[in-house]
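Structure, as structure tokens:
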Amino acid sequence: MSVLRALMAPVAKRFHPSQDMDWTAVFGGQPAIAGMPSPSIGESLALPSVFACIRVLGETVAGLPLITYRETRNGGRERAAKHPLYRLLRRGPNPEMTAFEFEELMT
């Protein structure tokens, strides 16, 4: 019965790959204080400093060139302008959104 309950549990309660690692120790942070609740992702994004850092990262990644390549027979590569993702990455997903905005949101 516990298997069925686990499958029917909301997605937020299921296991996430980052749960088995203490990421605060990896990045030099302090461990959680016993008895104190840890902030959720939503609560963290409400902090201006966290939101600003994520925005800077998104804008930086969006500024990088995204070029589609295809592998040639001799092991080299050449631009693949006819690839289906070429238009999406170069021009954006729709007329109302630029490629920069799309890449920033995807980051």
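Any read-out appearing in this document is the output of simple, stated calculations on the displayed coordinates, not a laboratory observation. From a predicted model like this one, the values you see are computed outputs, not experimental measurements. Cβ: placed from backbone, ideal geometry, glycine included. Neighbour counts: every protein chain shown.
Table for the structure above
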item	result
Close pairs (7 angstrom Cβ cut-off, 6 or more residues apart or separate chains): in contact (Cβ under 8 Å) with a residue 40 or more places away in the chain and farther than 14 Å from PRO65 by Cβ in the range 92-105, of a type in the set (D, E, K, R) and surrounded by 11 or more Cβ atoms within 10 Å (Cβ to Cβ) anywhere	GLU104/GLU59
Residue in the range 57-73 that is closer than 21 Å to LEU45 by Cβ, in contact with a helix residue (DSSP H, G or I) (Cβ under 6 Å, 6 or more places away or on another chain) and aliphatic (A, V, I, L, M) present	yes
Output for the range 48-79, where each listed residue is β-branched (Val, Ile, Thr) and either touching a residue at least 24 places away in the same chain (Cβ under 8 Å) or touching a Gly at 6+ places or on another chain (Cβ under 9 Å) (or both)	VAL61
